[in-house]
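Here the structure is laid out as structure tokens; the discussion comes afterwards.
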Amino acid sequence: MTHLILLAALAATSFSVVVAQGIVPLVDKRFTYDNIPYRVDTDVGQPRGEQRGYNICNSTTEGPSSLCQTAFINSLDDFCLWAPAESGHTVGEIEGEMIAWCTKPGHGTRVIPDGTILGVQFTKSPDYVQVVGFMDQTKINMIAGDAGGEMDPHGADRRGNPMGGLLFTNAWTGGMIQSVEWHNFNGANMFCLKACDPRGPRAPQMCEHIYDTQGCGFNTPSNARRGAFESCASDSQNPPRTRRTSASGVVTVQHVRKHRDLWCERQCYRAYTWSGEY
Ligand SMILES: *[C@@H]1O[C@H](CO)[C@@H](O)[C@H](O)[C@H]1NC(C)=O
């Protein structure tokens, strides 16, 4: 089923439910960078409880107890992943409560410890920016061996995973703008985060949220390599699972084509990290 058909089906069948619960889907909430509320998700009395953290993040909130849920993807050395606030739970168990862990201080979040990121490719394409890479997931409170799962601004109740999670980037205009459609898969010591450009026509397709069991290789195929840190310009991959219907009605499912690197700039491991010994 394509995203558009799914949306149409949702609109047709569940409008009364949405009104009854009073939930505004996270994907419909738009913010400018200077107008972020304390909490994006103000729903109370819902089955999944309230938003775990907050969206106004600053030097006061930064550090190992931060519950900041405003994330960024700006460049090779400046991005965040959604990970647990405490260890002991799988991604699947607490995807609604993930908080932002960032490669650098300065965002009011937790800071990803040195030695966590073991290789990453940052890619900027006409439709999105993404980071894909390898990590020691236990350093960001994930369980060793957890195959992980998907975070995105949807979810069965449309409050997002995490609930109230926001993603911003300055990669497109130089100023911070909200990426409305995005997906982040963390698990099996890999991560991938793709932020789709809301100004482009294909954001919902490129950042499709329905292939949550398929992981990075399917949703964000890349040329990331362990031990390599590179920033690339690329063309766009095919949207995950592109279906084509021929004139005679034959449906074919295309293999996902990963992006093609146009140019890449490698950075050494030491330059990539902001501190620490290697
Ligand atoms: C810093 O963030 C906290 C938590 O969101 C908020 O309560 C506080 O008002 C912020 N401080 C400033 C100076 O914006």
- Query: Which one of the conditions (1) more than 16 Å from the ligand (Cβ to nearest atom); (2) assigned to a loop (DSSP other than H, G, I, E, B) does Phe122 fail to meet, given that it meets all the rest?
  - Reply: (2)
- Which is of a type in the set (Lys, Arg) and at pLDDT 90 or above, of Arg257, Arg244, Arg266, Arg225? Arg225
- Message: Condition first: closer than 23 Å to Ser87 by Cα and touching an Asp or Glu at 6+ places or on another chain (Cβ under 9 Å). Now tell me which residues in region 166-190 satisfy that.
- Response: His183, Asn184, Phe185, Asn186, Gly187, Ala188, Asn189
- Has region 62-75 got at least one residue that is aromatic (Phe, Trp, Tyr), at negative phi and within 15 Å of the ligand (Cβ to nearest atom)? no
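Residues checked against (1) in a strand (DSSP E or B); (2) in contact with a His (Cβ under 9 Å, 6 or more places away or on another chain):
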residue	(1), (2)
Phe72	yes, yes
Glu95	no, no
Val129	yes, no
Lys139	no, no
Gly145	no, no
His154	no, yes
Leu167	yes, no
- Do we find a residue being touching a strand residue (DSSP E or B) at 6+ places or on another chain (Cβ under 9 Å) and either modelled with pLDDT under 95 or surrounded by 12 or more Cβ atoms within 10 Å (Cβ to Cβ) (or both) anywhere in region 5-26? yes
- Item | Test set (1) more than 16 Å from the ligand (Cβ to nearest atom); (2) part of a loop (DSSP other than H, G, I, E, B); (3) touching a Cys at 6+ places or on another chain (Cβ under 7 Å) - His107 fails condition number | (1)
- Checked Arg48, Arg52 against criteria (in a loop (DSSP other than H, G, I, E, B), within 15 Å of the ligand (Cβ to nearest atom) and at negative phi); the one match is Arg52
- Scan Glu95, Glu62 and give me the residue that is among the charged types (D, E, K, R), more than 24 Å from Ala171 (Cβ to Cβ) and touching a strand residue (DSSP E or B) at 6+ places or on another chain (Cβ under 9 Å). Glu95
- Query: All but one of (1) within 14 Å of the chain's Cα centre (by Cα); (2) in a loop (DSSP other than H, G, I, E, B) hold for Asp114; which doesn't?
  - Reply: (1)
- What do you reckon, is Ile99 closer than 24 Å to Gly215 by Cα, modelled with pLDDT of 95 or more and within 16 Å of the ligand (Cβ to nearest atom)? yes
- Please tell me if Ser87 is within 15 Å of the ligand (Cβ to nearest atom), in a loop (DSSP other than H, G, I, E, B) and either free of Cβ contacts under 8 Å to residues at least 40 places away in the same chain or surrounded by fewer than 20 Cβ atoms within 10 Å (Cβ to Cβ) (or both). no
- Query: So is Pro204 of a type outside the set (Val, Ile, Thr), assigned to a helix (DSSP H, G or I) and at pLDDT 90 or above or not?
  - Reply: yes
- Query: So which residues in region 196-239 are over 18 Å from the mean Cα position of the chain (by Cα), in contact (Cβ under 8 Å) with a residue 40 or more places away in the chain and closer than 13 Å to Tyr128 by Cβ, if there are any at all?
  - Reply: Cys232, Ala233, Ser234, Asp235
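Here is a yes/no grid of residues against (1) more than 23 Å from Asn219 (Cβ to Cβ); (2) buried (at least 22 other Cβ atoms within 10 Å of the Cβ):
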residue	(1), (2)
Gln69	no, yes
Asp78	no, no
Met98	no, yes
Trp101	no, yes
His107	yes, yes
Val131	no, yes
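The values are calculated or read from the model by the stated rules, or taken from the named source; none is laboratory data. Just so you know, these numbers come straight off a predicted model, no measurement behind them. Every residue, glycine as well, gets a Cβ built from its backbone with ideal geometry; the counts of neighbours run over all protein chains shown.
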